[in-house]
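To start, the structure itself, in C-alpha cells.
The values are calculated or read from the model by the stated rules, or taken from the named source; none is laboratory data. The shown structure was predicted, so the numbers you read here are calculated from the model rather than taken from an experiment. For neighbour counting, all protein chains shown are included, and Cβ atoms are generated from backbone atoms with ideal geometry for every residue, glycine included. These area figures cover heavy atoms from the full protein model, side chains too; ligands, DNA and RNA do not enter into them. Shrake-Rupley method; radii C 1.70, N 1.55, O 1.52, S 1.80 Å.
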Amino acid sequence: ATEELSRVSLGIGGSLITRPEILTRALVRGGTEDQKRSWLPRLATAEVMAAVAVTEPDYGSDVASLTTSAVRAERDGVAGWTITGVETWCTFAARADVLMLLARTDPDRAKGHRGLSVFIVPKPRGEAHGFAFTQPGGGRMEGRPIDTIGYRGMHSYEIALDSWWVPADHLIGAEEGLGRGFYLQMEGFENGRLQTAARAVGLMQAAYEAALDHARNRVVFGAPILDYELTRVKLGRMAAVIQGSRQFAYAVATLMGKGEGAMEASMVKAYVCKAAEWVTREALQIHGGYGYAEEYPVSRLWVDARVLSIFEGADETLCLKVIARRLVERAA
C-alpha cells in the first residue's frame with residue numbers, strides 16, 4: 001500500500017501510513033490496554049492523524065541528548081504533565097491531530113536515553129503553514145514551517161511548546177512507561193524505516209514510468225529516443241535496480257511480520273533510498289532539459305528522492321549506530 005501511494009505522492013504515503021504506524025507500534029509494544037483501545041482504532045481509520053516530534057535543533061540523530069522536558073502538573077484537579085521545549089523536522093505537524101512526542105521526564109541528563117518518555121500530545125488541526133495555539137491554563141504551541149526543496153506535499157515544522165499540558169493517561173505505558181520512551185520510539189522507527197524503503201520503491205517506479213513514457217514520445221533525429229541503445233541500457237538498469245529494491249523490501253517485511261529483521265530494516269532503508277536518488281537522476285537525464293523544468297513530474301520525483309536518505313535515520317547514522325553495531329555483536 002505504501003509503495004502504491006508513493007507512486008503518486010511521497011507525502012500521501014508518509015501521512016497516511018508511515019507516521020501513524022510509528023505511533024501504532026509504540027502503542028502496541030508499550031501502551032496500556034486502555035490506550036490501545038482508545039487510540040489504535042482511530043489511528044487505523046485516519047480519524048486521528050499523527051505526526052512525530054522527536055528531533056531537536058541542536059541534537060538531530062542524537063536523541064539521547066534531548067532536552068525537551070515534561071513536568072508533572074495538575075490542571076482543574078486532573079493529573080498530567082506540562083511539556084516545554086523545541087522540536088524540529090516535525091513533518092505534517094499542522095494537519096495532525098496528535099504529536100508522538102519524546103520528552104525528558106527525568107531531569108538528570110546524565111541518564112541519557114533512560115530518562116526519556118513518550119507522550120501522545122493532542123492539538124487542534126492547523127492550516128498548511130504556520131500555526132499558534134493556546135490552552136486555557138496558559139499552555140502554548142507554535143509551529144514554524146520549514147521551506148524545503150522537495151517533499152512539498154508534507155510540510156515540516158519547528159515546534160515550540162511552552163507549558164503545553166497533557167493528561168497523565170497520555171504518557172504511553174502510564175507510570176510503567178516512564179523512562180522507556182527511547183525504546184518505544186525506536187520500536188516504531190524500525191518499521192518506519194521499512195515504510196520509507198517502500199516509499200522509495202514507489203517513487204522509483206513512478207520515475208521509471210515517466211522516463212519510459214517520455215522515451216516513447218520524444219523524437220530526436222527522426223526517431224523516438226527509446227529506439228536508441230543508450231536509452232534502453234538506462235531503462236534496463238533502472239528496472240533491475242527497482243526490482244531488486246522491491247524484493248529486498250518485501251523480504252524484510254516478511255521478517256518483520258515474524259517479529260524479526262530490525263537490523264535488516266535499517267539495511268533496506270539505507271540501500272533503497274540511495275538507489276532512489278540514482279534512479280530518479282537517470283529518469284531526469286532521459287528527459288533532458290525538460291526534466292529540469294518544474295512542469296514535468298520527474299523534476300519533483302528527483303528532489304523528493306533526495307530527502308529519503310536523510311529522514312527516518314540518516315544513512316551514515318544507520319550504518320554506524322545500527323547496522324555495524326549489530327554485525328559486531330553477532331560476530332562477538
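Restricting the calculation to Cα atoms, every distinct pair contributes to the Kirkwood radius of the range 66-125, found to be 12.6 Å. The residue among His155, Trp302, Ala324 whose Cα reaches farthest toward the positive pole of the charge dipole of the chain, with charges on the beta-carbon of Lys, Arg, Asp and Glu, is Ala324. Mind sorting out which of [x] 60; [y] 64; [z] 54 is the real percent of Cα pairs over 25 Å apart computed from the coordinates? The value computed from this structure is option [z]. Taking the Cα centre of the range 1-112 as reference, the dipole from Cβ charges on Lys and Arg (+1) and Asp and Glu (-1) amounts to some 160 debye. Here the chain carries DSSP beta bridges of which approximately 90% are antiparallel, counting only pairs with both residues inside.
If r is the Cβ-Cβ distance from Glu33 to Asp213 and R0 is 45 Å, what FRET efficiency results, to the nearest 0.05? It would help to have the intermediate numbers written out before the result.
Values: r = 51 Å, r/R0 = 1.14.
It comes to 0.30.
Computed from label points 7 Å out along Cα-Cβ, the spacing between Val78 and Leu178 is 2.1 nm.
Grab the chain and count how many Lys pairs have their alpha-carbon atoms under 23 Å apart, sequence gap of 8 or more, or different chains.
Values: Lys36/Lys123; Lys36/Lys258; Lys111/Lys321; Lys234/Lys274; Lys258/Lys269; Lys269/Lys321; Lys274/Lys321.
For the chain, the number of qualifying lysine pairs is 7.
Axis angle, to the nearest 10 degrees, between helix 297-308 and the longest C-alpha principal axis of the chain: 40 degrees.
Each label point was placed 7 Å from the Cα along the Cα-to-Cβ direction; for Phe221 and Ala1 their separation is 4.9 nm.
Look at where the Cα atoms of the range 159-210 and of the range 285-332 average out, and the two centres are 18 Å apart. Sorted into 10 angstrom bins from 0, the C-alpha pair distances of the range 6-110 split as 14, 37, 38, 10, 1 percent. Within the accessible surface of the chain, defined with a 1.4 Å probe on protein heavy atoms only, the carbon and sulfur portion equals 54 percent. What longest range of the chain stays clear of loop-exposed chymotrypsin sites (Phe, Trp or Tyr not before Pro) (DSSP non-H/G/I/E/B, at most 15 other C-beta within 10 angstrom)? Value returned for the longest uninterrupted segment is 60-220.
In terms of overall dimensions, the range 214-332 has a Cα radius of gyration and Dmax of 18.0, 63 angstrom. Across all C-alpha atoms in the range 1-62, the radius of gyration and Dmax reach 13.6, 37 Å.
Taking 0.36 nm per residue of separation and subtracting the Cα-Cα distance, what length does fully extending Arg140 through Glu294 add?
On the way: separation 154, 0.36 × 154 = 55.44 nm, distance 3.82 nm.
My answer for the length gained is 51.6 nm.
Along the charge dipole of the chain, Cβ charges K/R +1 and D/E -1, which of Pro124, Gly138, Met204 sits furthest on the positive end? Of the listed residues, the answer is Met204.
Accessible area per residue for the range 272-311 is 48 Å², calculated with a 1.4 Å probe on protein heavy atoms, without ligands, DNA or RNA. Kindly identify the range 267-332 as rounded, prolate or oblate by the Cα gyration tensor criterion: order the square roots of the eigenvalues as a ≥ b ≥ c, call it rounded if a/c is under 1.5, otherwise compare a/b with b/c, prolate if a/b is larger, else oblate. In terms of gyration-tensor shape, prolate.
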